[in-house]
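Beneath this line is the structure, given in structure tokens, with notes to follow.
The values are calculated or read from the model by the stated rules, or taken from the named source; none is laboratory data. Only a predicted model underlies this, so the values are computations on that prediction, with no experimental measurement involved. Positions of Cβ are generated from backbone atoms using ideal geometry, with glycine treated the same way; all protein chains shown enter the neighbour counts. The accessibility values were calculated without ligands, DNA or RNA, using every heavy atom of the protein model including side chains. Shrake-Rupley method; radii C 1.70, N 1.55, O 1.52, S 1.80 Å.
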Protein chains: 2
Amino acid sequence: MDTKHIISTEDRHNLLTGRIFMHVSRFLGQQFKANDIGLTREQWTILVVLWKQDGVSQQTIADETGRDKPSTTRLIDNLEKDGYISRQPDAKDRRLNIIVLTEKGKALEDKIMPVANKTLETLTHGLTEAQLLTVKEVFATIYENIDAHK
Amino acid sequence: MDTKHIISTEDRHNLLTGRIFMHVSRFLGQQFKANDIGLTREQWTILVVLWKQDGVSQQTIADETGRDKPSTTRLIDNLEKDGYISRQPDAKDRRLNIIVLTEKGKALEDKIMPVANKTLETLTHGLTEAQLLTVKEVFATIYENIDAHK
DNA sequence: TAATTATAGTTGTTTATGCAACTACAAAAT
DNA sequence: ATTTTGTAGTTGCATAAACAACTATAATTA
């Protein structure tokens with residue numbers, strides 16, 4: 001037995017099939033629901049961008065959340081329909097939609113973020129900073145590997 | 001500055017929003033497509049279970065891949081429609097569908113797995129065994145944290 | 001300035017997920 | 001033996017993602 005290879009090919013596959021993400025995603029959605037938050041996990045990621053910096057283009061949101069444009073368009077459709085944001089034409093570049101939080105959208109931050117943070121704590125309970133740092137490094141390397149392949 | 005906290009809350013959020021998984025998933029799908037593999041990443045995860053152990057119930061596949069039953073039903077619908085697998089009634093328990101690979105499904109393994117393994121190598125290029133082991137441990141802890149919360 | 005190229009956003013289509021509600025069958029309890 | 005409870009699988013509905021094809025506008029270049 002080759003003790004150098006403590007990670008099997010199967011392990012590697014498991015890391016990449018997204019199982020963990022599916023579970024985390026489901027769990028976060030359930031926590032939202034249990035706290036009467038009528039937002040999907042995906043919609044929340046859009047609002048996080050806007051809470052950090054209000055008034056950015058859809059393309060910026062797409063880049064920040066790692067989505068393509070069509071997916072972003074539709075998430076924004078739904079958020080606008082539910083009254084959390086509004087699209088406003090950019091004064092200088094008529095191609096751009098500037099996405100702006102409504103009062104309802106702004107107010108939501110204080111309701112959701114405690115739930116998100118608590119969920120985050122639950123999920124990372126028992127993990128060390130060193131472990132999380134390694135995960136961060138690993139993810140960064142994977143991003144680089146993908147980019148290098150384009 | 002508190003040097004103990006090298007991982008910010010924002011970092012933690014990034015780890016959990018699934019961005020990395022979206023990118024990995026997209027990349028794997030693109031590699032499949034580039035190699036003329038007419039399977040989705042999700043369908044592939046089902047076949048991986050069957051290549052390891054042919055003739056299991058849908059529930060087993062659901063458990064192994066971390067999906068709920070409806071999702072599994074529909075993935076199996078599509079795989080059956082495309083002729084990779086077939087549903088067979090269990091002799092002893094008439095509730096069960098036993099999922100069996102067709103010849104076409106069996107033959108696919110030799111075509112896909114080299115592509116999947118190569119993609120895996122590309123993605124994990126430059127990562128050490130120790131780093132991957134840590135990721136494995138972190139994921140295991142997160143699973144435990146989710147289970148403990150039910 | 002006119003033509004070309006690039007960018008921002010939308011729409012159509014296919015596939016997948018989550019949850020709830022349902023049917024069919026099996027196992028356990030009474 | 002009958003009722004109750006649990007398990008396997010399906011269907012309906014809403015949301016989301018990937019990709020391709022499209023429109024509108026801006027920037028480049030010839």
Exercise. Kindly indicate whether B:Asn97 is of a type in the set (S, T, N, Q), more than 14 Å from chain A (Cβ to nearest Cβ), more than 26 Å from B:Glu121 (Cβ to Cβ) and within 9 Å of DNA strand C (Cβ to nearest atom).
Key: no
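Pick out the one residue from B:Asp54, B:Asp77 that is under 30 Å from A:Asp68 (Cα atoms) and not aliphatic (A, V, I, L, M).
After applying the criteria, what remains is B:Asp77.
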Quiz item: Could you count how many residues in the stretch A:108-150 are facing chain B (nearest Cβ under 8 Å), assigned to a loop (DSSP other than H, G, I, E, B) and of a type in the set (Val, Ile, Thr)?
Solution: 1
Exercise. Considering every residue within the stretch A:50-60, establish whether at least one is of a type in the set (Phe, Trp, Tyr) and at pLDDT 95 or above.
Key: yes
Quiz item: Would you pick out the residues in the stretch B:22-45 that are among the aromatic types (Phe, Trp, Tyr) and either more than 9 Å from every other protein chain (Cβ to nearest Cβ) or open to solvent by 30 Å² or more (accessible area, probe 1.4 Å) (or both)?
Solution: B:Phe32
Quiz item: Just checking, how many residues over the stretch B:100-138 are under 25 Å from A:His23 (Cα atoms) and within 16 Å of DNA strand C (Cβ to nearest atom)?
Solution: 1
Quiz prompt | Matching residues, the stretch B:46-91, being touching a residue at least 12 places away in the same chain (Cβ under 8 Å), hydroxyl-bearing (Ser, Thr, Tyr) and either away from chain A (no Cβ under 14 Å) or more than 12 Å from DNA strand D (Cβ to nearest atom) (or both) | solution = B:Ser57, B:Thr65, B:Thr73, B:Tyr84, B:Ser86
Quiz item: What do you reckon, is A:Thr134 closer than 27 Å to A:Ala34 by Cβ, more than 12 Å from DNA strand D (Cβ to nearest atom), of a type outside the set (Lys, Arg) and open to solvent by 20 Å² or more (accessible area, probe 1.4 Å)?
Solution: no
Quiz prompt | Failed criterion for B:Trp51 (all others in (1) within 25 Å of B:Thr119 (Cα to Cα); (2) near DNA strand C (Cβ under 8 Å from one of its atoms); (3) surrounded by fewer than 19 Cβ atoms within 10 Å (Cβ to Cβ) hold) | solution = (2)
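Can you go through B:Gly83, B:Gly105 and tell me which one is closer than 21 Å to B:Phe32 by Cα, open to solvent by less than 50 Å² (accessible area, probe 1.4 Å) and assigned to a loop (DSSP other than H, G, I, E, B)?
Every option except B:Gly83 fails the conditions.
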